[in-house]
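One structure is given below, encoded as structure tokens.
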Amino acid sequence: MYNEKVMQIFSNPKHVGEMKNASGVGMVGNEVCGDIMKLYIKVNEKEEIVDASFKTFGCAAAIVSSSVACDLIIGKTIEEALKLKNSDIIEYIGELPSQKIHCSMLAKEALEEAVKDYRKKQEKLAKKEAEVKTEKQAKQTKNADKKEEKIDTKADKKATLSKLSSITNKLKDNKEKKEDKKTNKLKDLSNKIKNLKK
Ligand code: FES
């Protein structure tokens, strides 16, 4: 039923198993047979797929196609990987029985779902980062306001202190003037007495 290459890959498939901390995970089911495929991708900051793996409850054709699909997408950017066609997989393995062509579609569909999942996670991350940034900015503004308020209070205190000191000086002046007036009056009186006594 299968050619030699398919049998070779099937007896030693690559990239099998769950991936911890995957950047994206896609799961699809095959409507024809009801089998399921889960594909994991790890993506770097340049949006290159640095690793891929799969788990499937599928037939030999599904296992072989997924192993090949992982091989073909590793090292490609997401955009490049999404261009992967079913015919690329079949071309790689030579041929597949016509009744098994639908099995080879699973990997491509699962990849599309994994990319969707990756994009969703990225969006969530960006949102969270934006929230943290806004929170940080709000905190900084609050701290700056508090600092300004402190400076204002210090300036107010200084102004009040200078007002009070000027009032105190005025009162002191008035008191001194009054005392001078009193002394002069006393002097006048004493002179008058002296004159009368002569
Ligand atoms: Fe279900 Fe091949 S028969 S994946």
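The values are calculated or read from the model by the stated rules, or taken from the named source; none is laboratory data. Here the structure is a predicted model, which is why all the values come from computation and not from measurement. Positions of Cβ are backbone-derived with ideal geometry, glycine not excepted, and every protein chain shown enters the neighbour counts. Surface accessibility is based on the protein's heavy atoms, side chains included, excluding ligands, DNA and RNA. Shrake-Rupley method; radii C 1.70, N 1.55, O 1.52, S 1.80 Å.
Figures for the structure shown
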| quantity | calculated |
| --- | --- |
| Whole-Hz ³J(HN,Hα) from phi, Karplus 6.51 cos²θ - 1.76 cosθ + 1.60, for segment 99-107, glycine and proline x | 6, 10, 4, 4, 5, 6, 6, 4, 4 |
| Carbon/sulfur fraction of accessible area - the chain, other protein chains in place, 1.4 Å, % | 54 |
| Segment 82-155: projected area of the alpha-carbon convex hull, averaged over directions, in nm² | 6.4 |
| Loop trypsin sites (Lys or Arg not before Pro), segment 46-141, which have at most 13 other Cβ atoms in a 10 Å radius of their Cβ (DSSP) | 46, 83, 85 |
| Segment 41-95: GluC sites (Glu not before Pro) in DSSP coil with no more than 16 other Cβ atoms inside 10 Å | 45, 47, 95 |
| Cross-link partners of residue 194 among lysines (Cα-Cα below 27 Å; sequence separation of 8 or more within a chain) | 177, 178, 181, 182, 185 |
| Segment 98-198: equivalent-ellipsoid semi-axes (sqrt of 5 x gyration tensor eigenvalues, Cα, Å) | 98, 4, 4 |
| Accessible area per residue in Å² at 1.4 Å probe, computed on segment 6-112 | 50 |
| Distribution of pairwise C-alpha distances over the chain, 5 Å bins, in % | 1, 7, 11, 11, 9, 6, 4, 3, 3, 3, 3, 3, 3, 3, 3, 3, 2, 2, 2, 2, 2, 2, 2, 2, 2, 2, 1, 1, 1, 0, 0, 0 |
| Listed pairs 14/85; 20/108; 175/197; 133/154; 5/46; 172/192 exceeding 27 Å between Cα atoms | 175/197; 133/154; 5/46; 172/192 |
